[in-house]
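The structure appears below as structure tokens.
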Amino acid sequence: MKNFAEFFAGVGLVHEGLRSSGWNCVWANDISRDKQETYIENFGEADFWLGDIWDITKNPNIVPSDTFLYTASFPCTDLSVAGERAGLAGAESGTLNALIEILINKNITNSLPKVVMLENVRGFLTSHKGKDIEQTAQHFTDLGYYIDIIELDAIDFSAQSRPRVFMIAVEESLAKKTMKIKNGIQLFDDWWSYFERHPYLRSEKVKNIILKNETLNWALFDINLPEKTTIRLADIIEVDIPDNSTLWWNEDRRSHIFSQMSEGHKNYLKEMVERNSYSYGTVYRRTRKGKPMAELRTDGFAGCLRTPRGGSSKQIVIKAGKGQWKVRLLTPREYARLQGVRDSFKLPTNANKGYFAMGDAVCVPVIEYISKNILDHLYNEDNGSNNNIHSDNIKLRSVALYCR
């Protein structure tokens, strides 16, 4: 069985992304009771363990041993540029250390998962000048894993800009069969050509982290770039909200948001109003030089969704055209659609809980992409079903020699 355990599960969007390719969740954990309720509504309660991950370090046997894959979308609060940047020393993002401790204990009992996948914001690459991600890679190296770091943006999969970092650690024997291992001795190594072929997947920041820590167990997957989606903001909007709905803001609120726009953004809105058809844009409130600003985005994509702490981070949608414009908050269902979630997925009835459920979750089609291009192949190779291991998705082939 393609068994996996989902740490920091939230409402289960990693589960949602993996289930389409036959992965079986045998255990999931989160500390939020509200998110547990939504998870159970969609996946049942059999595999969910509610509680603090630090409690699991005292009894790691809570996590089933026969588990091929661990996933962990650990909190981004202390890694995000919007936070205090405490990094892995912070109380929330530092819960990754609990997962590392669980893995150390699993190693003692010879029950490590073959693969571990971490997900977080790009701030993970720069936190404490790169020391946090370097230390994480060191932990995985000490446990015998080989590590790749891949960067993906939800904008290639949905109508939301949401750049994220995925660190994937693979057990040594499996890595040697499925990944390009960095040769620390050989001067002329074709390993670096993987960066040149698809720099979009691994930025200069990733390359520099590896260059600074060449003795660690680095390895690369050779995968194709994702095919860019054609989905745009207009495709996810709930078009059946009537004009007289209380969701639409009154004139005072509408005027206030307009007053917070720069002259350039006001002109963008005026252009939208003058069109003969309706179009949509999103507004995100930010503080610029101590002044609250409302920034209008009109390229067909929403900005990165966040949890509505304090209310200011909720995204706003504008519908404009035919000489008029209206404004309201994006709905929780629209949030879910921006995360690539099916409409049959049950959301909390409380709107604010819905925003929290989706605001700090993963984008489902991004997880599906990783599953189909990496995780499925790892499992198949480990279990002898390697007919597709040389497919167009992962090509373990010779490449042109590249001198770094």
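Mind checking which residues of segment 207-230 are in contact with a Phe, Trp or Tyr (Cβ under 8 Å, 6 or more places away or on another chain) and either over 22 Å from L378 (Cα atoms) or surrounded by fewer than 16 Cβ atoms within 10 Å (Cβ to Cβ) (or both)?
Selection gives K207, I210, L225, T229.
Quick one: S193 ticks every box in (1) within 25 Å of the chain's Cα centre (by Cα); (2) surrounded by fewer than 19 Cβ atoms within 10 Å (Cβ to Cβ); (3) among the polar types (S, T, N, Q) except a single one, so which number is it?
(1)
Run D299 past the list (1) without any contact (Cβ under 8 Å) to a residue 24 or more places away in the chain; (2) outside any loop (DSSP other than H, G, I, E, B) and report the number of the one that doesn't hold.
Against the list (1) without any contact (Cβ under 8 Å) to a residue 24 or more places away in the chain; (2) outside any loop (DSSP other than H, G, I, E, B), D299 comes up short only on (2).
Since I133 meets every condition but one in (1) under 18 Å from the mean Cα position of the chain (by Cα); (2) more than 23 Å from V364 (Cα to Cα); (3) surrounded by fewer than 22 Cβ atoms within 10 Å (Cβ to Cβ), which condition does it not meet?
Every condition holds for I133 apart from (3).
Can you tell me which residue among E119, E101, E92 is acidic (D, E), at pLDDT 65 or above, touching a strand residue (DSSP E or B) at 6+ places or on another chain (Cβ under 7 Å) and closer than 18 Å to N29 by Cα?
E119
Among the residues of segment 334-352, write down those that are in contact (Cβ under 8 Å) with a residue 60 or more places away in the chain and crowded, with 18+ Cβ neighbours inside 10 Å.
If the condition is that a residue be in contact (Cβ under 8 Å) with a residue 60 or more places away in the chain and crowded, with 18+ Cβ neighbours inside 10 Å, then E334, R337, L338, Q339, G340, V341, F345, L347, P348 are the ones that fit.
Mind listing whichever residues of segment 225-263 are part of a helix (DSSP H, G or I) and either out of contact with any helix residue (DSSP H, G or I) (no Cβ under 9 Å at 6 or more places or on another chain) or among the polar types (S, T, N, Q) (or both)?
Passing the criteria: A234, E251, D252, R253, R254, S255, H256, I257, S259, E263.
Only one of these is more than 30 Å from the chain's Cα centre (by Cα), of a type in the set (K, R) and assigned to a strand (DSSP E or B): K326, K266. Name it.
After applying the criteria, what remains is K326.
List every residue pair whose Cβ atoms sit under 6 Å apart, with the two residues 6 or more apart in sequence or on different chains, where the first one lies in segment 56-68 and is under 12 Å from L99 (Cα atoms) and the second, anywhere, is acidic (D, E) and not in a loop (DSSP other than H, G, I, E, B).
T57/E101
For segment 353-404, which positions are modelled with pLDDT under 50 and among the β-branched types (V, I, T)?
If the condition is that a residue be modelled with pLDDT under 50 and among the β-branched types (V, I, T), then I389, I394, V399 are the ones that fit.
Can you pull out the residues in segment 120-165 that are assigned to a strand (DSSP E or B), over 23 Å from E381 (Cα atoms) and not aliphatic (A, V, I, L, M)?
N120, E151, D153, Q160, P163, R164
Might you check whether a residue that is buried (at least 22 other Cβ atoms within 10 Å of the Cβ) and in a loop (DSSP other than H, G, I, E, B) occurs anywhere in segment 170-190?
Within segment 170-190, one or more residues are buried (at least 22 other Cβ atoms within 10 Å of the Cβ) and in a loop (DSSP other than H, G, I, E, B).
Can you pull out the residues in segment 1-60 that are among the small types (G, A, S) and farther than 14 Å from A361 by Cα?
Passing the criteria: A5, S20, S21, G22, A28, G44, A46, G51.
Those residues that are of a type in the set (S, T, N, Q) and closer than 16 Å to K346 by Cβ, I need them from segment 33-59; list them, please.
Those that are of a type in the set (S, T, N, Q) and closer than 16 Å to K346 by Cβ: Q36, T38, N42.
So E271 ticks every box in (1) in a helix (DSSP H, G or I); (2) closer than 25 Å to C304 by Cα; (3) in contact with a helix residue (DSSP H, G or I) (Cβ under 6 Å, 6 or more places away or on another chain) but one. Which box is left unticked?
The failed condition is (3).
With the requirement that a residue be under 24 Å from S111 (Cα atoms), buried (at least 23 other Cβ atoms within 10 Å of the Cβ) and in contact (Cβ under 8 Å) with a residue 40 or more places away in the chain, what does segment 10-42 give you?
Answer for segment 10-42, where residues must be under 24 Å from S111 (Cα atoms), buried (at least 23 other Cβ atoms within 10 Å of the Cβ) and in contact (Cβ under 8 Å) with a residue 40 or more places away in the chain: V14, L18, W23.
Which residue, of T331, T298, is in contact with a Phe, Trp or Tyr (Cβ under 8 Å, 6 or more places away or on another chain) and β-branched (V, I, T)?
Of T331, T298, the one residue that is in contact with a Phe, Trp or Tyr (Cβ under 8 Å, 6 or more places away or on another chain) and β-branched (V, I, T) is T298.
Consider S255 carefully, then state whether it is without any contact (Cβ under 8 Å) to a residue 60 or more places away in the chain, surrounded by fewer than 14 Cβ atoms within 10 Å (Cβ to Cβ) and more than 30 Å from D148 (Cβ to Cβ).
So S255 passes the test.
Mind telling me which of the residues K177, K129, K228, K212 ends up being on the phi < 0 side of the Ramachandran plot and at pLDDT below 95?
Step by step, each of K177, K129, K228, K212 is checked, and only K212 is on the phi < 0 side of the Ramachandran plot and at pLDDT below 95.
The values are calculated or read from the model by the stated rules, or taken from the named source; none is laboratory data. Given the structure is predicted, the values throughout are model-derived calculations rather than measurements. Every residue, glycine as well, gets a Cβ built from its backbone with ideal geometry; the counts of neighbours run over all protein chains shown.
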